[in-house]
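Here, each number is a calculation from the coordinates, and none is a lab measurement. Please read these numbers as outputs of a predicted model, since none were measured by experiment. Note: ideal-geometry Cβ built from the backbone for every residue, glycine included; neighbour counts use all protein chains shown.
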Amino acid sequence: MKLASAVRGGDRAAVAKAISLAEDDPDSAGALMRALRPPRRAFVIGVTGPPGTGKSTLVGRLIDGYRRNGLKVGVVAVDPSSPITGGALLGDRIRMKAYSSDEGVFIRSMASRGWSGGLSRAASDALQILDSAGFEVTILETAGIGQADIEVVGIAHAVLVVLMPGMGDDVQASKAGLMEVGDVYVVNKSDLGGAGQMVSSLFAMLRGSKGRSPAVLTVSALKGEGIDRLMQATEAIRSRLDDGSEELKLRSIRGMVVEAAKAEAMRRVETSSTSKADALAKLVLEGKISVAEAAARLVQ
Ligand SMILES: Nc1nc2c(ncn2[C@@H]2O[C@H](COP(=O)(O)OP(=O)(O)O)[C@@H](O)[C@H]2O)c(=O)[nH]1
Ligand SMILES: [Mg+2]
C-alpha cells in the first residue's frame, strides 16, 4: 500500500493524510492500519485532566524537553467542544505555528464532538501512525471530562493527570475515574499558590487506591518550573520500556486493541443488516435465545 509505505518513510503529508483517514473513513483506515507495522517503538504519554488546567501548555514543555533530548515527538490533542476551552484551541494553533519549522515535531488536533463514533479509535490509530512514521515519543492530550476521554489514555505507557490548585473537591466529586488512571499526578500552576494544599488532598485521595503509588509533582508549565522533575518521572517510565518491560508494552497494546475492538463492534452493529437484527429479535420473541445472546450474535 502506497500510503502506508509513505507513512513509514516519515513523509509528513502522508502522515497528515493517514490521520485524516483514521478520523473520517474507518474502512480505509482499517486497511491502512493493517498495512502499517504493529506499534513497537514509540513511548506513549497520555495527558488528561479537567479543561483549563494547563495540559496543552505542559505538552509544549514536554515537546521542548524531548526535543532537547534529541527525540522526535508526535502529538494528538483532542480538543473538547466545550466553550470553556475555546481559548485552548487558539492556544494550540499558536503553539502549532511555533513548531511548524521543526521536522521533529508533528501536532494534530482532533475535534472531540462528544467522542461519539469511534474518536478514541481514531486517536489510537493516529498514535500508531505517528509511531510508524518514526516519532519516538507520542503524546495524547484529552480533556478528562467524561469516562471515554479518560479511558483512552489507557493506551499510554505513562499517564499524566494534570490538575491545578483549588480542585480538590471537584476531583473528589467526579466519578470519571481520574484517580485511577494516573502514573504521575501533576499539580500545575504552582505559581498561583495553593499547590501544597492540593498536593495534600491528592495524597489523601490516592491513599484509597491500593497497590498503586503514583508520583505527585507540582509544576508551573507557564514559568517552566518543576519540568525537570516531571521529565525525570516520565523518563523513569520510558527507561522501563527500553529495558524491555513486557508488562508495560502489553498495557499499551492491550489498550489499543480494546479501542479498536470497541470501534469494530460499533461498526458491526451499525452496518449489520436490519434483517439480521430482525431475525435475532424474532428468536428472542419466540423465547429461543436471550437478548444477551442475540447481541453477541449481532456483533459476531
Ligand atoms: N498561572 C498559570 N497559568 C497557566 C499555567 N499553565 C497554563 N496556564 C494557563 O491556563 C490556561 C489554560 O491552559 P491550557 O494549556 O490551554 O489548558 P488545557 O485546557 O488543560 O489544555 C491558559 O491561559 C494558560 O496560559 C501555569 O503554570 N500557571
Ligand atoms: Mg488543551
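Worth pointing out:
- Residues whose amide H falls under 5 Å from that of Phe43, counting only those 5 or more places apart or on a different chain, are Val137, Thr138, with hydrogens built in the peptide plane.
- Normalised by 2.2 N^0.38 Å, where N counts its residues, the alpha-carbon radius of gyration of the chain equals 1.06.
- Available extension along the chain between Ala13 and Val257 is 85.2 nm, counting 0.36 nm per residue and deducting the alpha carbon span.
- For the stretch 165-170, 3J(HN,Hα) per residue [Karplus equation, 6.51 cos²θ - 1.76 cosθ + 1.60, θ = phi - 60°, Hz, x = Gly/Pro]: x, x, 9, x, 5, 4
- Between the amide H of Ile289 and those of Val284, distances stay under 5 Å, these residues lying 5 or more places away or on another chain, with hydrogens modeled in the peptide plane.
- The chain - percent relative contact order, Cα under 8 Å, separation 6 or more: 20 percent
- Spatially proximal lysines relative to Lys223 (Cα-Cα < 26 Å; intrachain offsets below 8 disregarded): Lys55, Lys72, Lys97, Lys189
- Arg40-Ser213 FRET efficiency (beta carbon distance; Förster radius 30 Å; 0.05 resolution): 0.60
- Trypsin sites (Lys or Arg not before Pro) lying in DSSP loop within the stretch 181-212, provided at most 12 other Cβ fall within 10 Å: Arg207, Lys210, Arg212
- Separation of alpha-carbon centers, the stretch 135-206 and the stretch 1-66, rounded to whole Å: 22 Å
- Amide proton proximity set for Ile107, modelled H, under 5 Å, gap of 5+: Val75
- Fraction of antiparallel bridges per DSSP, the stretch 2-264 only, in percent to nearest 5: 5 percent
- Once the Cβ-Cβ distance of Ser245 and Ala277 is raised to the sixth power relative to R0 = 41 Å, the FRET efficiency obtained is 0.40.
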